[in-house]
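One structure below.
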Ligand SMILES: *Cc1c(COP(=O)(O)O)cnc(C)c1O
């Protein structure tokens, strides 16, 4: 028997969202970020839907190979860079592009001399990856000697919603790169949605291609984006509980009154967040219902006071176009990126319109 839980991916929504990126950053080239199984949507599926992108961004070599299986001639950028001389050699053979963010990597490049394009990453304040602004001139010069070519410059923003902090990052980037003849890239989704001046030669959207917004209290739909993922399941049991009955592990939730309670086939073993608070919304047969008790590994309990006729087999939407993943993420104290990319392997992925 088929488990009723599945992810339904809408390729048309991804295509639409790429067009939104183009509209928000006219004239810019777009590196579509498809790391982490394309934020849970499946790399192959996303690469097919986003074939209009100018490049694909991935985390590691294994992901780059997956992109190339689907799109053999695509431009692929390793966003964490190569972590050994062997990886540089392999990336060179495959004609990948790679980020270089550390002196160790420059040294490997100097000994390996692979024929590839480098995106030199500058740390302008996130303090995760990148050369300090004061090191950029030297790193750039070493890079040009080791592997002459049309290399590029990039940085990553840490806190787009903090205007002062972000202004500092932009200023450090512009200062550190002044006079260097190269294409530049700064903007991820958050910047694309709220900071037009960060869209330079290249933009690097991830989350928004899948229809969600990274900004606090915001939703992708407010920016004309279409959610590409629906997490769908069914009720597998319905109970009439009485006042004082307990639900779930620890007998922690106590029924305040006579209540219809539904059990949904979905849990943290599927990627539904265990931290989802009581009252996190779900839709049962298209009508609003709310979580009670913390999700368990395979099941969650919802109260059905607004769906009195609900029965086992009724469809349940955990997130999707009618129930933004941003809302569920907020109810779970996390971010939509984590929910989308956290879908586990046992969940079947289907394409919208296919069976
Ligand atoms: C993941 C990533 C992105 C995409 O970020 P979103 O917030 O999902 O748009 C862009 N650039 C780099 C370097 C990344 O690692």
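The values are calculated or read from the model by the stated rules, or taken from the named source; none is laboratory data. Bear in mind the structure is a predicted one, so any value in this text is a computation, not a measurement. Every residue, glycine among them, receives a Cβ derived from its backbone with ideal geometry; neighbour counts consider all protein chains shown.
If only residues of the range 1-38 that are farther than 21 Å from residue 339 by Cα and modelled with pLDDT under 95 are counted, the one that is nearest to the chain's Cα centre (by Cα) is 2.
As a summary of the residue check, residue 67 satisfies the conditions (1) more than 13 Å from the ligand (Cβ to nearest atom); (2) in contact (Cβ under 8 Å) with a residue 40 or more places away in the chain; (3) farther than 29 Å from residue 197 by Cβ except for the one numbered (2). Comparison of 167, 176, 139 shows that the only residue that is away from the ligand (no atom under 16 Å from the Cβ), part of a helix (DSSP H, G or I), modelled with pLDDT of 95 or more and closer than 21 Å to residue 96 by Cβ is 139. So for the range 154-164 (the condition being over 27 Å from residue 345 (Cα atoms) and away from the ligand (no atom under 16 Å from the Cβ)), does at least one residue qualify? The answer is yes, given that some residue of the range 154-164 is over 27 Å from residue 345 (Cα atoms) and away from the ligand (no atom under 16 Å from the Cβ).
Of all the listed residues (237, 289, 222, 301), the sole one being within 26 Å of the chain's Cα centre (by Cα), modelled with pLDDT of 95 or more and not in a loop (DSSP other than H, G, I, E, B) is 222. In the range 93-104, the residue that is surrounded by the fewest Cβ atoms within 10 Å (Cβ to Cβ) out of those that are assigned to a helix (DSSP H, G or I) and in contact with a helix residue (DSSP H, G or I) (Cβ under 8 Å, 6 or more places away or on another chain) is 103.
The rows are residues; the columns are (1) surrounded by fewer than 15 Cβ atoms within 10 Å (Cβ to Cβ); (2) over 28 Å from residue 335 (Cα atoms).
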position	(1), (2)
173	no, no
177	no, yes
188	no, no
206	no, no
214	no, no
217	yes, no
224	yes, no
243	yes, yes
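For residue 310, the conditions (1) more than 33 Å from the chain's Cα centre (by Cα); (2) in a strand (DSSP E or B) are fulfilled apart from (2). Against the numbered list (1) buried (at least 19 other Cβ atoms within 10 Å of the Cβ); (2) in a helix (DSSP H, G or I), residue 90 comes up short only at (1). Looking across the range 11-41, the residues that are at positive phi and within 11 Å of the ligand (Cβ to nearest atom) come down to 36, 38, 39. Taking the stated definitions as given, is residue 115 assigned to a loop (DSSP other than H, G, I, E, B) and in contact with a helix residue (DSSP H, G or I) (Cβ under 8 Å, 6 or more places away or on another chain)? Taking the combined requirement at face value, the residue satisfies it.
Of the listed requirements (1) crowded, with 19+ Cβ neighbours inside 10 Å; (2) under 22 Å from the mean Cα position of the chain (by Cα), residue 128 misses just one: (1).
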